[in-house]
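Bear in mind these aren't lab numbers, they're just calculated from the coordinates by the rules spelled out. Bear in mind that the values here come from a model prediction, so they are computed numbers and not experimental data. Glycine also receives a Cβ, built like all others from the backbone with ideal geometry; neighbour counts cover every protein chain displayed.
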Amino acid sequence: MGGGSWNPPPHDVPHGLATFGAQFAEVAVDPDLGVVRVRRMTGVFAPGRVLNTKAARSQAMGGMLWGLSHALLESTLVDARDGRWANTGLGE
């Protein structure tokens, strides 16, 4: 795997360029049936300045739900030749 680099933006930019967060899920698994139950989820975020709290909350919740559904139900295929997504759309 190749190396990479990242040059973070300066702290005095007028808009957010990078946000950080961590999500945690408590799950229960029935190994006989293969059923996964999500008991609860929580997330902590450092979004910087928030201009619209309702939109920011919705974005965080949506990201958590997307991550959960991706982990449990969805499949994203990656083309090994070039590292690009192989799925043509979200419906696949």
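Per-structure values
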quantity	calculated
Under the Karplus curve 6.51 cos²θ - 1.76 cosθ + 1.60, θ = phi - 60°, whole-Hz ³J(HN,Hα) for the stretch 49-55, x wherever Gly or Pro sits	6, 9, 8, 10, 5, 5, 5
Using a Förster distance of 30 Å, the FRET efficiency for Val29-Val78 (Cβ separation, nearest 0.05)	0.70
Mean Cα-pair separation over length for the stretch 20-72, i.e. relative contact order, pairs under 8 Å, 6 or more apart, %	31 percent
Share of Cα-Cα pairs in the stretch 27-78 lying beyond 12 Å, as whole percent	74 percent
